[in-house]
Amino acid sequence: MKRGYSELSGNHVLLGIRGLDEEIGGVPRGSVIAVAGWVGTGKTTLATQFLVEGVKNKERGMYVCTTERVESYVRNMEKLGWPISKLVKSKMLITVRVSKIHESRPQDMIEKLLSIIDTIDIKRLVLDSYTTLTSYFKESWSARLFTYLLLEYLGEKNCTTLLVVETDNDREPRLGDVGFLCDGVIHLRTDFSTEPPRRKLRMLKLRGTRIPLHNFEYEIGEGGIVVLRR
Ligand SMILES: Nc1ncnc2c1ncn2[C@@H]1O[C@H](COP(=O)(O)OP(=O)(O)OP(=O)(O)O)[C@@H](O)[C@H]1O
Ligand SMILES: [Mg+2]
């Protein structure tokens, strides 16, 4: 059963993905959703769409990048039609780059991020990518502890979060712990079994919500990702 935008409850927020929001009715406010996918599948695009949707609703967003330079991120996303520089200037969108080069200890990096979230009331957060960020931790148990504490903290703050997770292009991606810890998982992949290849999106889970488990085809263009009707 499809749920329209009008049926969105106050405890849910829209992702900003046309075609998908109508299907799932948005995601619970304060939830942490993993956006898992292979290279070039549109993870950064989807994450930016989510932040722009937040700004439309006066929710301040923060984009944390680990690999791409902020300048290049802004340039690429503006090509899709979003006024990113303007949003940054108005402080409705905060962009931060964290890198191993700049911070000696992962704990310092995390503390810095959390203190920003705290002081300027961030309502939507994107970690792009969570995979790189957690790779800064030497031991897997400390990365797991970080994830657990982060999720606890964000839940308390009611900050809706997308964690970008880099995976292979398999139908069933290997997500590791983060898949189990997150409230929801969106999987993006490129299906090369057809000619031309097709972009496919699938919800793997969304706690507390009935979701369609089938693949949706999607396209990337001006305005970002659009999920096509089946
Ligand atoms: N205007 C456009 N029209 C169609 N496709 C576009 C347009 N702009 C970008 N794309 C495509 O969108 C793809 C995905 O971009 P995006 O950076 O969001 O993917 P990603 O999954 O974050 O990639 P990466 O693995 O490098 O982090 C690009 O590879 C590009 O081919
Ligand atoms: Mg990316």
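The values are calculated or read from the model by the stated rules, or taken from the named source; none is laboratory data. All figures in this text were calculated on a predicted structure; none of them were measured in a lab. Note: ideal-geometry Cβ built from the backbone for every residue, glycine included; neighbour counts use all protein chains shown.
Out of (1) closer than 30 Å to residue 191 by Cα; (2) touching a Phe, Trp or Tyr at 6+ places or on another chain (Cβ under 8 Å), the odd one out for residue 109 is which? Failing condition for residue 109: (1). Among the residues of region 115-141, the ones that are surrounded by 14 or more Cβ atoms within 10 Å (Cβ to Cβ), without any contact (Cβ under 8 Å) to a residue 60 or more places away in the chain and out of contact with any helix residue (DSSP H, G or I) (no Cβ under 6 Å at 6 or more places or on another chain) come to 4 in all.
Of the residues making up region 48-70, those that are away from ligand 2 (no atom under 16 Å from the Cβ), loosely packed, with under 14 Cβ neighbours inside 10 Å and either outside any helix (DSSP H, G or I) or of a type in the set (Asp, Glu) (or both) number 2. Scanning region 217-230 for residues that are touching a helix residue (DSSP H, G or I) at 6+ places or on another chain (Cβ under 6 Å) and either of a type in the set (S, T, N, Q) or within 15 Å of residue 36 (Cβ to Cβ) (or both) yields a count of 1. The set of residues from region 71-95 being closer than 24 Å to residue 114 by Cβ, exposed (fewer than 12 other Cβ atoms within 10 Å of the Cβ) and not basic (Lys, Arg) comprises just one member, 90.
Within the set of pairs 6 or more residues apart or between chains, which connect a residue that is surrounded by fewer than 17 Cβ atoms within 10 Å (Cβ to Cβ) inside region 204-230 to a residue that is small (Gly, Ala, Ser) and at pLDDT below 90 with Cβ atoms less than 6 Å apart? Short answer, once both residue conditions are applied: none.
Would you confirm, using the coordinates I've provided, whether residue 80 is at pLDDT 95 or above, in a loop (DSSP other than H, G, I, E, B) and on the phi < 0 side of the Ramachandran plot? Considered against the rule, which asks whether it is at pLDDT 95 or above, in a loop (DSSP other than H, G, I, E, B) and on the phi < 0 side of the Ramachandran plot, residue 80 comes out as yes.
From the list 131, 95, 147, the one residue that fits, being within 16 Å of ligand 1 (Cβ to nearest atom), over 22 Å from residue 58 (Cβ atoms) and either among the hydroxyl-bearing types (Ser, Thr, Tyr) or not in a loop (DSSP other than H, G, I, E, B) (or both), is 131.
Within region 103-124, identify whether any single residue is away from ligand 2 (no atom under 16 Å from the Cβ) and part of a strand (DSSP E or B), and answer yes or no. Scanning region 103-124 turns up at least one residue that is away from ligand 2 (no atom under 16 Å from the Cβ) and part of a strand (DSSP E or B).
Against the condition within 18 Å of the chain's Cα centre (by Cα), surrounded by 13 or more Cβ atoms within 10 Å (Cβ to Cβ), assigned to a helix (DSSP H, G or I) and in contact (Cβ under 8 Å) with a residue 60 or more places away in the chain, how does residue 164 come out, does it pass? No; evaluated as a whole, the condition is false for this residue. Do we have any residue at all in region 167-174 that's at pLDDT 90 or above, assigned to a strand (DSSP E or B) and within 15 Å of the chain's Cα centre (by Cα)? No, that holds for no residue.
Scanning region 167-216 for residues that are touching a strand residue (DSSP E or B) at 6+ places or on another chain (Cβ under 7 Å), of a type in the set (Asp, Glu) and under 17 Å from residue 35 (Cβ atoms) yields one hit, 183. Residues in region 179-230 that are part of a loop (DSSP other than H, G, I, E, B) and within 15 Å of ligand 1 (Cβ to nearest atom): 6 in all. From the set of residues in region 31-47 that are more than 6 Å from ligand 1 (Cβ to nearest atom) and hydrophobic (A, V, I, L, M, F, W, C), which is farthest from residue 159 (Cα to Cα)? Out of the qualifying residues, it is 38.
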